[in-house]
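Below is one structure, written out as structure tokens, with a few remarks after it.
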Amino acid sequence: MEMGEKMNKEALVVCSDKSTCIGITVWDLETGEQLLHIPTCAAAPHGLFCLRNQFIVASQSNRHGSFGGGSIFIWPLNKPQSPLRSYTLEAMGPISCTKDGLYIAGGAPSGNAYLWEVTSGRLLRTWHAHHKSLKCMVFSDDDSLLLFGCTDGIISVWSMISLVDVEDSGSSPSLLYYSSEHRSSITGLVTMSAGARSIFISSSLDGTCKVWELVSGRHLQTLVYPMSVTAIALHPLERLLFSGSVDGNIFVNVLDIGAVEDCFITTEDQAFVLKVHNESITALTFSGFHLISASEDFTFCLWDTINRVVLRRFNNRKGAVTNMVVIKQSSLFPISNHQRVTHQFQVSLLQKYPQPSNPGKGMATFLSFPASRSKPPPTHFLGNNLLDHLISARRTNTCYAANEIGEKHRRSTMGNKHDKACNGDKQAFAMSFAGYDAVPVAMQPV
């Protein structure tokens, strides 16, 4: 095989939330070969991601619940070694990172949310995002917004401009809007672009997927299914939505956003259904144009969605796969000393407690919904700088995409924070995505 082909090949990282004995496994999707196994990991659903194509990050499932404390482990991909272990105030559920890898966000069963700066490990903010458990999260494509999905069907959208503003850490972070259209737990959130608009799609155990305008929070479409939806994924071309259900079926819908709005789309409008799993779908993702599905039947499958056939079926006899991440196989290769410098990226221990930048201000802030209401109205806005731009745009009939607004704000307010983040602090250690002669002290076994 040519070197170029090797560099472009993808691998699949999988893990379960049931037992730490199962660990993390990296598979070659083309040959079915096991490339790497990392023991002692059990990540909560939506609790696994790849940081800058260099590190695997996982929130560790905690049998003692939210109040027993939690942990987030970080492994360098190119050289298996003991992880960087960060211990958190409470067990983490879903975790995610911005596209540039500068920030990590985590959500807890208590409804608390956390935001860390990766290079310094600093806990920038912790706040009470909701009074129910946070189940999934996603950053907008331009990293300007952070979305949470909760067990009671609430979706909340937060401005990153407010969250990373450490000079204003004593005040409540800006909640852009929230929605209560779903009637049961949110199981997935994905973002996409539809012409000039930024869109996100939510799935729920109430048997629906809903399409939303990201900036305004306007509800555009509802897709109705005969069963609870447990996972969703978008085709890379963003024209097909794949929705996994509790009975093991995967429903496929053609997305036609803009042509029809405020409508219900039923199973009669679906393009087709993929059937191979016997139990609930636990995760969906894509490798190139090939769908990958995981199920509670202890299998995960690589699909040719055009011909609707399974290309390869993997058996994970130790437990059901609940998290899947696709990476470049080149992430596993040692690199030269010259590349080591150019690929250098700092990762630090994530702080357990907030460290206020101003002694007169506390770092921890809490914001909850009014106690007089068990649920907020379907869509509710709280004013902030970003919202002012949106209102102005709507009044002048100007169509603003979320990425345009986010970029405008980042250029004016986040440049200094980006520079500061890249410098790190005394706790930071350089992990250069290359081979090491010695294991850094922070990553030695404890």
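The values are calculated or read from the model by the stated rules, or taken from the named source; none is laboratory data. None of the values given here were measured: they were computed from a predicted structure. Because the Cβ atoms are built from the backbone with ideal geometry, glycine has one as well, and the counts that use them run over all protein chains shown. When the accessible area is computed, the model is the full protein with side chains, heavy atoms only, and any ligands, DNA or RNA have been set aside. Shrake-Rupley method; radii C 1.70, N 1.55, O 1.52, S 1.80 Å.
For this structure, a couple of remarks:
- Residues satisfying the stated conditions in segment 306-324, i.e. farther than 17 Å from GLU30 by Cβ and under 24 Å from the mean Cα position of the chain (by Cα): ASN316, GLY319, ALA320, VAL321, THR322, ASN323
- The residue that is most open to solvent (accessible area, probe 1.4 Å), counting only those in segment 6-21 that are closer than 14 Å to LEU332 by Cα and part of a strand (DSSP E or B), is GLU10.
- Every pair of residues 6+ apart whose Cβ atoms lie under 6 Å, when the first sits in segment 22-44 and is basic (Lys, Arg) and open to solvent by less than 10 Å² (accessible area, probe 1.4 Å) while the second is part of a loop (DSSP other than H, G, I, E, B) and modelled with pLDDT under 90: none
- Residue match in segment 220-233 (condition: modelled with pLDDT of 95 or more, more than 19 Å from PHE272 (Cα to Cα) and more than 18 Å from the chain's Cα centre (by Cα)): no
The rows are residues; the columns are (1) open to solvent by 20 Å² or more (accessible area, probe 1.4 Å); (2) more than 23 Å from ASP165 (Cα to Cα); (3) in contact with a helix residue (DSSP H, G or I) (Cβ under 8 Å, 6 or more places away or on another chain).
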{"position": "ILE72", "(1), (2), (3)": "no, yes, no"}
{"position": "LEU84", "(1), (2), (3)": "no, yes, yes"}
{"position": "THR88", "(1), (2), (3)": "no, no, no"}
{"position": "ALA91", "(1), (2), (3)": "no, yes, yes"}
{"position": "SER110", "(1), (2), (3)": "yes, yes, yes"}
{"position": "ALA113", "(1), (2), (3)": "no, no, no"}
{"position": "VAL118", "(1), (2), (3)": "no, no, yes"}
{"position": "LEU124", "(1), (2), (3)": "no, no, yes"}
{"position": "LEU134", "(1), (2), (3)": "no, no, no"}
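- THR299 being in contact with an Asp or Glu (Cβ under 7 Å, 6 or more places away or on another chain), surrounded by 15 or more Cβ atoms within 10 Å (Cβ to Cβ) and modelled with pLDDT of 95 or more: no
- Residues in segment 199-230 that are of a type in the set (Gly, Ala, Ser) and open to solvent by less than 10 Å² (accessible area, probe 1.4 Å): SER202, SER203, SER204, GLY207, GLY217.
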